[in-house]
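Some notes on the structure that comes next.
The values are calculated or read from the model by the stated rules, or taken from the named source; none is laboratory data. Treat the numbers as computed from the prediction; the structure is a model and nothing was measured. Ideal geometry is used to build each Cβ from the backbone, glycine not excepted, and the neighbour counts take in all protein chains shown. Quick note on the areas: whole protein, heavy atoms, side chains included, nothing else; ligands and nucleic acids left out. Shrake-Rupley method; radii C 1.70, N 1.55, O 1.52, S 1.80 Å.
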Amino acid sequence: MRITLIAFCFGVWLLQQQATLPSARWLWILPLLLAVLWLPRFSQAVPETLRRLAVALLGVALGFAWAAWRADLRLADRLPDHWQGVDLTVVGVVSDLPQADARGERFVLDVERVATPDAPGLQRIQLARYWPRKGPRNPTVHAGERWEFTVRLKRPYGTHNPHGFDLEAWMLERGIVASGYVREKPLPQRIDASPDTFAAWIAATRAAIRERIVSTLGDAPYAGVITALVIGDQRGIPHDQWRAFTRTGVNHLLSISGLHVTMIAALAGWAVAFGWRRWPRAAERLPARQAGLLAAVLAACAYTLLAGFQVPAQRTLFMLGVLALAFWGRREPRPFSALAWALFAVLLIDPWAVLSAGFWLSFGAMATILWATFGRVGQPEKLRAWVTVQGAVTLALAPALLLLFQQVSLISPLANAIAIPVVSWLVTPLALLGVIVPPLWHAAAWLMAWLGQGLVWASALPWAVATWPAPEGWELLLAVVGTLWLLLPRGFPVRAMGGLLWLPLMFPLRASIAPDSFQADVIDVGQGTAVLIRTADHALLYDTGPAFADSDAGERIVVPYLRASGVGELSGVIVSHDDKDHSGGLESVLRDIPTGWLLHGLPAASPLLKTAPSPSHCHRGQHWQWDGVRFEILNPRVTAYAESNRRDNDYSCVLKVSRGGQSLLITGDAERRGELELLESGADVSATVLVAGHHGSRTSSLPEFVERVHPRYGIFTVGYRNRFGHPHPQVVARFRELDSNILRSDAGGLIRLTFGEAGVAASEYRPSHCHYWDAELPDE
C-alpha cells in the first residue's frame, strides 16, 4: 500500500512539472488501468512483480488525473484578461491576518459576491490598501470582517529567473485568483464586523491573539517570534532576526513545526489520560489510553488550525492521526506507513504543496529521522542518538537546501542542539499558555531574547554558512542516493562509499566563458534593472533592482541568482543613479556578496555609500579590460556632478561593453539630456544590443539616438502591467523601424545574451521554462 500511495504522490508531482494541462480525452485510460485491481496475486515472482508495477502505474495515473482536475477547476476561476485594470465592486470576508506598514495594509479577501454587472465570479483575491498622503486614515480592516470594496485587479504574475521564487505558483496554491488595490472612492464600507463562518471565526481568533501579544509585549525585540510560535504568523519577525535564524539553520523552529505539534499533542494526551484514570466512571466507558489518544489528536488539530494549517503542521497532524488509529485498534504502529499516509493526505487536500520548500524539508526531515533510527537492533544512548539524528538530518537536507536556497548552515547542528530544547520545551509552552495567562509571554520573550543573542553572534561567524551553485538534477539524485547509503545501519558493507556519490555535487562542472567573450544576464526584477556581466574570470553587476516595502530585489532575486549561477564574488558593482528601482538592492548585494569596488552616480552624501567598497563616481573616460573584453563609461561628464539643475536620471552611468565587433550598451535611466550629451561627445555609441533607457519611457530613446546606436536587439526591463505604461508604444515603434528584435523582461523573464566568436545569441528564460499556471504573455 505504501508504494501505491507514494506512486499517487509522484503523479501529483509530475503534473506540476507540465507546461500545459493535459486534455480530458486521456481520462479514458483510467478505466483500463483500474482493471489491474482485479488481477489475483501470483505465486511466481515475475508475474507478481509485473502486477505490482501495474498497480503503481495506476497510482501515478490517479495522482496525475487528480492534480489535473483540481488545477483545471482552480484556473477556471482566474480573472479574465479583459477585466484586468477595470473597477469592480466586490463584497467579501477578510480571511487572513492583515499586514500593515507605513504605506498601507495588505490582506486576502474571500469574495462572496461581485456587484459589478456582467463581471466574472471570483473566489479569493489579494488586496493592497494605501493610506492617504494627507488627512486621517480610513478605518482599517480586521480578520473576519465583511467589507464592500471597489478594486482594480490583475492576474497573478511574478518575476521569472532560474531558481527564483515563483509568485504565480505561490498564489495558485493559496487559491488567490487575482491581486490588486482598493479604490478609496467610493469609500469602502464595513458591512459586518462579526465573523459568521468557521473560517472567518478562525481568522478573527488568530487576529485577536496577535493583537493581545502586541499589546502585552509592546516593542519587545522578539514579540514577532512569540506571535509566530502561537499563531504561525511570521511576518512580524524583523528582517535581521530572520536572517540570523536562517544562517544558523533554526528557522524551522520559528514556524509551527511538526515538533511543536507533537509536543502539544503529547502534553494534551498525557494530561487527559492522567485525569481519566482517576475518574472511574469515565474509564469504564472509554479506556484512559484511548481518551488520551483522542485528546492528543484534537489538540494537534486545534493547534494546526490556529497556526494557519501550514504544511509541516499538516504532516504531523495526519501522521498522528494514522498512528492514533493504529494504537486505538491495538495494532502495531508503522511509522513509515504513517508518513506515507500523511504524504497522501497532504497532496490530496493540496496538490500544489509539492511546489513549496516547506513540503520537501518537512517530509524529508521526518523520513531521514525514521531511516536513521527506526528498526535498528541496538539502541544508542540518548546523547549519541540525539547527535546521530542531528547529523543525519543536516546531511540529508543539504542537497535540498542547496537546490532551494544555494546555501547550507554549517553551524546548524550545534545551534539546533541548543535551540530545539529551549524553543520547543520552554518558549513554545510559555507562549501558548500566555493565551490564558498573558504575563507568561514576557517570560517567553525574555528566553527568546537570550537565545536570539547567541544566534545573532553565531550567524555572524564567517564559516557559519556555505554557499554553492544550484545543483543539476542528476547531481542532486546522486547525492540523495549517497545519503541513503551513508545512513544505512552500521556494519553494512562499504557504507562509506556513499560519500563518493556526493562528489559531483561538491565539485560541480559548469560551462565556462571563453577568453575574449562575455555573457550578460538581464535579470528579471520587475520594474527595475539588474544586469550581470561575466567574462572568463570576472563578474560585474550593473544596478541592483528595486526596493520593496519589506525587502528588496537584491535579497529576494539578485543574490539568490548570483549564488545559483556560481558567482561567489563580484569584481565590481555599478549603480547607475539615485533611483530606488536601480539602487534598491545595493545594501543586500554588498552584505551578502564580496565585492571589489563600486562605481556610481549617487549623491556624495548617499547613505548607500557607508558600507560600499572603494566607492567612486562614474564619469566619461573611465575604461578597463577584463579577459579580452573592453569596458568603458561613456557618460556623465566629470563636471556633471557640480551641476545643480541636473535631473537624477541624467547622472546615469552609461556603460559600453565590447569584444570584437559586438557590443552591449546600457544607459540606465538617461533621458533626453543624457542621450544628447552622448551624441555630442563623439563617442562611438553603436551597439549590437541596447538596454533601452528609462525602461522604454518616451523621455528617453530619442529617434536620433536609437538611429545612431542601430541595435540588433532592443531590451526593455519592465514590470508586468506597470503603472508607468513602460515601454511606450512610440519607443517600441522606433526600434521596430530599425528591424531590431524586441525583448522584454516582463514577457520573457531573464534574458541571456552571449557574445562570442559565433556572434550574439539571445535567449529568454520564461518561454522555455513555463508551467501551466503561468499567465499569458503580455502584448508588446
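For the reader, a short list of remarks on this structure follows.
- Selection within region 596-622: residues that are farther than 30 Å from Leu679 by Cα and open to solvent by less than 50 Å² (accessible area, probe 1.4 Å). The member of this set that is modelled with the highest pLDDT is Gly596.
- The condition (being closer than 30 Å to Gln241 by Cβ, touching a residue at least 60 places away in the same chain (Cβ under 8 Å) and in contact with a strand residue (DSSP E or B) (Cβ under 7 Å, 6 or more places away or on another chain)) is satisfied by just one residue among Ala464, Ala444, Ala449: Ala464.
- Subset of region 661-683 [over 20 Å from Leu541 (Cβ atoms), touching a strand residue (DSSP E or B) at 6+ places or on another chain (Cβ under 8 Å) and part of a loop (DSSP other than H, G, I, E, B)]: Ala683
- Listed conditions (1) free of Cβ contacts under 8 Å to residues at least 24 places away in the same chain; (2) of a type outside the set (A, V, I, L, M); (3) crowded, with 20+ Cβ neighbours inside 10 Å are all met by Ser215, apart from (3).
Condition check ((1) outside any loop (DSSP other than H, G, I, E, B); (2) free of Cβ contacts under 8 Å to residues at least 60 places away in the same chain; (3) open to solvent by 10 Å² or more (accessible area, probe 1.4 Å); (4) under 30 Å from Asp516 (Cβ atoms)) across all residues:
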site: Asp537; (1), (2), (3), (4): no, no, yes, yes
site: Thr544; (1), (2), (3), (4): no, yes, no, yes
site: Asp550; (1), (2), (3), (4): no, no, yes, no
site: Glu555; (1), (2), (3), (4): yes, yes, yes, no
site: Ile574; (1), (2), (3), (4): yes, no, no, yes
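- A single member of Gln99, Gln126 is of a type in the set (S, T, N, Q) and touching a residue at least 60 places away in the same chain (Cβ under 8 Å), and it is Gln99.
- So Ala444, is it assigned to a helix (DSSP H, G or I), crowded, with 17+ Cβ neighbours inside 10 Å and of a type in the set (Gly, Ala, Ser): yes
- Residue match in region 69-90 (condition: assigned to a strand (DSSP E or B), of a type in the set (Ser, Thr, Tyr) and touching a Lys or Arg at 6+ places or on another chain (Cβ under 7 Å)): no
- Restricting attention to region 603-626, the residues being part of a loop (DSSP other than H, G, I, E, B) and under 31 Å from the mean Cα position of the chain (by Cα) number 5.
- Taking region 719-741 as the range and being of a type in the set (S, T, N, Q) and assigned to a helix (DSSP H, G or I) as the test, only Gln730 passes.
- Some residue of region 58-69 being modelled with pLDDT under 75, more than 30 Å from Val114 (Cα to Cα) and among the β-branched types (Val, Ile, Thr): no
- Residue ID - most open to solvent (accessible area, probe 1.4 Å), chosen from residues in region 151-176 that are part of a loop (DSSP other than H, G, I, E, B) and among the small types (Gly, Ala, Ser): Gly164
- Hey, Ile633 among the hydrophobic types (A, V, I, L, M, F, W, C), at pLDDT 95 or above and within 29 Å of the chain's Cα centre (by Cα) or not: no
- Once region 557-572 is narrowed to residues that are hydroxyl-bearing (Ser, Thr, Tyr) and in contact (Cβ under 8 Å) with a residue 60 or more places away in the chain, the residue that is least open to solvent (accessible area, probe 1.4 Å) is Tyr561.
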